[in-house]
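The values are calculated or read from the model by the stated rules, or taken from the named source; none is laboratory data. Fair warning: this is a prediction, and the values are worked out from it, not measured in the lab. Backbone-built Cβ (ideal geometry, glycine too); neighbour counts: all protein chains shown.
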Amino acid sequence: MSDDLAGDVTRGARAVVVCPDMRRRDAADADARAEEAAGLARAIGLVVGDVLTIPIRTVRAATLFGEGQIANIAIACTQNEAELVVVDGALTAIQQRNLEDKLKRKVIDRTGLILEIFGERAVTAEGRLQVELAHLDYQAGRLVRSWTHLERQRGGFGFLGGPGETQIETDRRLIRDRMARLKRELEQVRRTRGLHRSRRGRAPWPVVALVGYTNAGKSTLFNRLTGADVVAEDMLFATLDPTMRAIRLPAVEKAILSDTVGFISDLPTQLVAAFRATLEEVTAADVIVHVRDIANPDSDGQKRQVMAVLADLGLAGEGGEGAAGDGSPALAIPILEVWNKWDLLGADDIAMLAERRALRSADPIVAVSALTGQGTDALLAAISTLLTAGAKVHSFVLSASDGQRLAWLHANGEVVSDVAAAESGGAPQRRIAVRLSPRDLGRYANL
C-alpha cells in the first residue's frame with residue numbers, strides 16, 4: 001500500500017459510498033452502479049454504512065459536489081459513524097484534499113479503491129509489478145497531499161525553492177525512476193509472454209480464453225471445467241493473475257483453458273496500461289468464451305464494457321457492430337457467449353431469456369450454472385464446434401513408423417480414411433485423410 005493511502009483503507013472501517021451521477025442514469029442503471037460501488041468497498045473489507053447517489057448538474061472544480069451535497073454527505077457519515085468516504089468516480093488531488101478538509105474524514109476515489117483491491121489480491125511477481133506501476137502512476141500527481149505543510153515555505157533570497165518544493169521534486173524523481181525500472185521489467189514480462197504464446201502456437205493444442213465482467217463466475221466455471229481450485233468467491237476481482245489448465249473436448253483431444261482478470265466499467269487507465277501484458281493473453285486465443293452474469297440486472301451494460309475492452313486490445317473485426325445488434329463491436333476471434341448463473345433465475349426470466357436466445361439463433365450462446373454444473377456439457381460441445389469450424393479434409397502420406405504424427409492426426413482431427421499406401425524404398429506407408437481446421441493444420445505443420 002502506498003504512503004499516500006496508508007491508513008485510508010483499513011479492514012473493518014465504516015464507510016459511506018457516494019455515487020456521483022453525471023450521466024443522468026435511469027433508476028435501474030443508477031442502482032446497479034451503486035451496488036457495484038458498494039461491492040468494491042466490501043471487497044477490500046470495508047463496512048458500508050450507506051450508499052448515496054448524488055446527481056451532478058454542475059461539476060465543481062474544487063470539490064466536485066456542491067456545498068449542500070457535501071453537507072448531506074457529512075450528515076450520512078455522522079449517522080453511520082463512518083470514518084471513510086468512498087467516491088465512486090475520479091477525483092483530482094485538489095478535490096480529494098478539499099473534500100477531506102470539509103468532511104473531516106479520509107476520502108478515496110474509485111481509482112484508489114480499485115488499486116487497493118488489486119494491491120491486496122496480486123499474488124504473482126508479475127501481478128505485484130503491474131499493481132505497483134499503476135499505483136505509482138496514480139501517486140505521481142498526488143504528492144501535493146503529502147506535503148501541504150511545506151508547500152508555502154520559502155528559503156534563500158526568494159527565488160530558490162523552499163524545502164517543501166525540494167521534497168516534492170525529489171519524490172517525483174524517485175517515482176519516475178522507479179516507474180522506469182518497473183516498465184523495463186514489465187516489458188521483459190511482455191516479451192516472455194510473447195515467447196510462451198509463440199511456443200503454444202506451435203504446440204498441438206488450441207487456447208480457449210475465459211473473459212467477462214468481474215464476479216461473473218469465470219473462476220467458478222474454470223474450476224468446474226478443469227477440476228482446478230482457483231480462488232472463486234462472490235466478490236469483485238477475486239482473480240487477478242491468469243491461470244491455465246488443460247481440458248478435454250469432444251473431437252479435440254486437449255485444449256488449454258485460460259482464466260483472466262475480470263473487467264469493470266471505468267477501469268482506471270493506470271490499470272489498463274499496467275495489465276495489458278496479462279490481457280494480451282486473450283489475443284492469442286483460438287476461441288474467447290465470454291462469461292456473463294445473466295442474473296445481474298445490468299448484464300447488458302456489463303457486456304458492452306467487456307466488448308469495448310476486447311476491441312481496445314485490437315480484437316475488433318472488420319464488421320463494425322457485433323451480430324447481437326446491441327452496440328458492441330464485432331470481434332476477429334470467434335466468441336462464445338455463456339449465460340452463467342442460470343440457476344438464480346425465476347421462471348419468468350428464463351422464458352424471457354429463452355425468447356432472446358431464439359432471436360439470436362445465429363449466435364453461439366450457452367446457458368449454464370457454473371455452481372451446479374448445469375449446461376457445461378453443452379458448453380464443451382459448443383467450444384469444440386467453434387474450434388473445428390472451417391475444417392477441411394486434407395490428405396497425408398506418412399511412414400507407418402511415424403507414430404507421433406499419426407497419433408496427433410487421430411487425436412486432433414476427424415479421420416475420414418486411414419489405409420496402407422504404396423511402400424517407398426521398402427518402408428511401409430499410410431495414406432490418411434483427416435478433416436482439420438486451418439489453425440490445426442498450421443499446428444500440424446509445426447510438429
Of those in region 373-416 that are of a type in the set (Val, Ile, Thr) and within 29 Å of Leu225 (Cβ to Cβ), the residue modelled with the lowest pLDDT is Thr388
*Looking at Asp377, is it outside the structural domain of Leu221 (by TED's automatic domain parsing) and not aliphatic (A, V, I, L, M)?*
no
Scanning region 374-424 for residues that are at positive phi and surrounded by 14 or more Cβ atoms within 10 Å (Cβ to Cβ) gives Gly375
Scanning region 230-255 for residues that are modelled with pLDDT of 70 or more and either touching a His at 6+ places or on another chain (Cβ under 6 Å) or part of a loop (DSSP other than H, G, I, E, B) (or both), the one nearest to His290 (Cα to Cα) turns out to be Pro250
Counting only residues that are buried (at least 16 other Cβ atoms within 10 Å of the Cβ) and of a type in the set (Lys, Arg), region 242-258 contains a total of 1
Output for Cβ contacts, cut-off 7 Å, separation at least six or different chains, first residue in a loop (DSSP other than H, G, I, E, B) in region 6-31, second of a type in the set (D, E, K, R) and at pLDDT 80 or above, reads Asp8/Lys106; Val9/Glu116; Ala13/Glu83; Arg25/Arg33
Counting only residues in region 38-85 that are in a loop (DSSP other than H, G, I, E, B) and among the charged types (D, E, K, R), the one nearest to Val17 (Cα to Cα) is identified as Glu83
Task: Residue within region 426-447 that is of a type in the set (Ser, Thr, Tyr) and surrounded by fewer than 17 Cβ atoms within 10 Å (Cβ to Cβ) present - done: no
Checked Ile333, Ile350, Ile294 against criteria (modelled with pLDDT of 90 or more and out of contact with any Cys (no Cβ under 6 Å at 6 or more places or on another chain)); the one match is Ile294
Restricting region 75-96 to residues that are of a type in the set (A, V, I, L, M) and surrounded by fewer than 17 Cβ atoms within 10 Å (Cβ to Cβ), the one farthest from Arg11 (Cα to Cα) turns out to be Ile94
- Message: One residue is enough: does region 87-103 have a residue meeting the conditions of a type outside the set (Asp, Glu), touching a helix residue (DSSP H, G or I) at 6+ places or on another chain (Cβ under 7 Å) and more than 30 Å from Met179 (Cα to Cα)?
- Response: yes
Within region 152-191, the count of residues that are modelled with pLDDT under 80, among the aliphatic types (A, V, I, L, M) and surrounded by 13 or more Cβ atoms within 10 Å (Cβ to Cβ) comes to 3
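Is it fair to say Ala37 is under 28 Å from the mean Cα position of the chain (by Cα), surrounded by fewer than 17 Cβ atoms within 10 Å (Cβ to Cβ) and under 16 Å from Ser265 (Cβ atoms)? Reasoning before the result, please.
On the way: under 28 Å from the mean Cα position of the chain (by Cα): yes; surrounded by fewer than 17 Cβ atoms within 10 Å (Cβ to Cβ): no; under 16 Å from Ser265 (Cβ atoms): yes.
No: the conditions fail for Ala37.
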